[in-house]
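To start, the structure itself, in structure tokens.
Derivation of every value follows stated rules applied to the coordinates shown; laboratory data play no part. Just so you know, these numbers come straight off a predicted model, no measurement behind them. Every residue, glycine among them, receives a Cβ derived from its backbone with ideal geometry; neighbour counts consider all protein chains shown.
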Amino acid sequence: MIDYHVHTSLCNHATGTMEQYVRAAVAKRLSTICFLDHLTFQEAGRHNAMFPREVPMYVNSARRLARQYREKITVRVGLEIDFSPRHVDRCIDIVNTFDLDVVGSSIHFLDGEDVVTRQSAWGRGEISADVVYPKYLRVLESMLDYDYFNVVCHLDLPKKYNKRPSPPVVKGFLNLLEKIRENDLLGRCAQLQIPVVTGSDAHSPESVGRDLDKARDLLETAGYQHLTGFSHRRRETLLL
């Protein structure tokens, strides 16, 4: 299996060294590990992401580990860039400047508030799902107008706190991908031949490869036979 969503301590909310993550992946017999650490240009999220000036060191460290462990595992490196329409040009500059294997795009902020943290009004249960989900959908649709990234990260992120949208809101997601319900999303993606990448979103070495066996079962049930990997922004097809 491959783990294409692993963070590092540079994001300030993960623990462990990059090498510890690689060693954990080797111990779990993964074929590939890809660092996909956070980068955001939004003021509200700066404390939970690396600074742009740290990207060269981050990329070089991953490449060094790739050489060091090349006989044991494939090590890739990319970025999970938080989407903001105001900062698209800066995102593109970063993507074009560095030798990255993959670029993921994600949405954590709605109207400047981080909806992922439990300290947010959403996390505290003070905002209705029928308010948050439509906002998230609008930003997601805007994000999909751009092509500087390879992967959409955690498409269903708002359900992190087990707050599900009402049927009218779900219909908005259906228009985006025809069907987005938890049990049907993978199957519909398979029917539409949308490539899929597996990732643990690990924030500690112990979490590397977490639940990838369950992910494989879900993917096989949905009809997938292959995974997608990336090398220097070029897509690779891998056996599931």
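Treating r as the C-beta distance of Lys171 and Thr15 and R0 as 51 Å, the FRET efficiency rounds to 0.80. When the Cα convex hull of the chain is projected onto planes of every orientation, the mean area is 12.2 nm².
Cβ crowding within 10 Å ranks Asp114, Asp101, Asp93 as Asp93, Asp114, Asp101, fewest other Cβ atoms first. Electrostatic tally near Leu212: other residues with Cβ closer than 13 Å to its Cβ, Lys and Arg +1, Asp and Glu -1, net -1. Computed from backbone phi with θ = phi - 60° and the Karplus coefficients 6.51, -1.76 and 1.60, the 3J(HN,Hα) list for the stretch 40-52 is 9, 10, 8, 4, 5, x, 4, 6, 10, 7, 6, 7, x Hz; x is used for glycine and proline.
Based on the Cβ-Cβ distance from Arg235 to Ala121, what FRET efficiency comes out when R0 is 45 Å, to the nearest 0.05? Efficiency for this residue pair is about 0.70.
For Leu227, the residues whose modelled amide H falls within less than 5 Å of its own, excluding neighbours fewer than 5 places apart on the same chain, are Leu238, Leu239, Leu240.
Near Asp37, the amide H atoms lying under 5 Å from its own belong to Gly78, Glu80; only residues 5 or more places off or on other chains count, and H is placed 1.01 Å from N. By the count of other C-beta atoms within 10 Å, a proxy for reagent exposure, Phe51, Phe149 are ordered fewest to most as Phe51, Phe149. Under the criterion of Cα pairs below 8 Å and six or more residues apart, the relative contact order for the stretch 2-239 equals 23 percent.
By the helix-only formula, in which each DSSP H run with n ≥ 4 contributes -39500 (n - 2.57) and the sum is divided by residues, the chain has a 222 nm mean residue ellipticity of -10000 deg cm²/dmol. Among Cys189, Cys34, Cys91, the largest mean-square fluctuation in a Gaussian network model of the chain, built with springs joining Cα atoms closer than 10 Å, belongs to Cys189.
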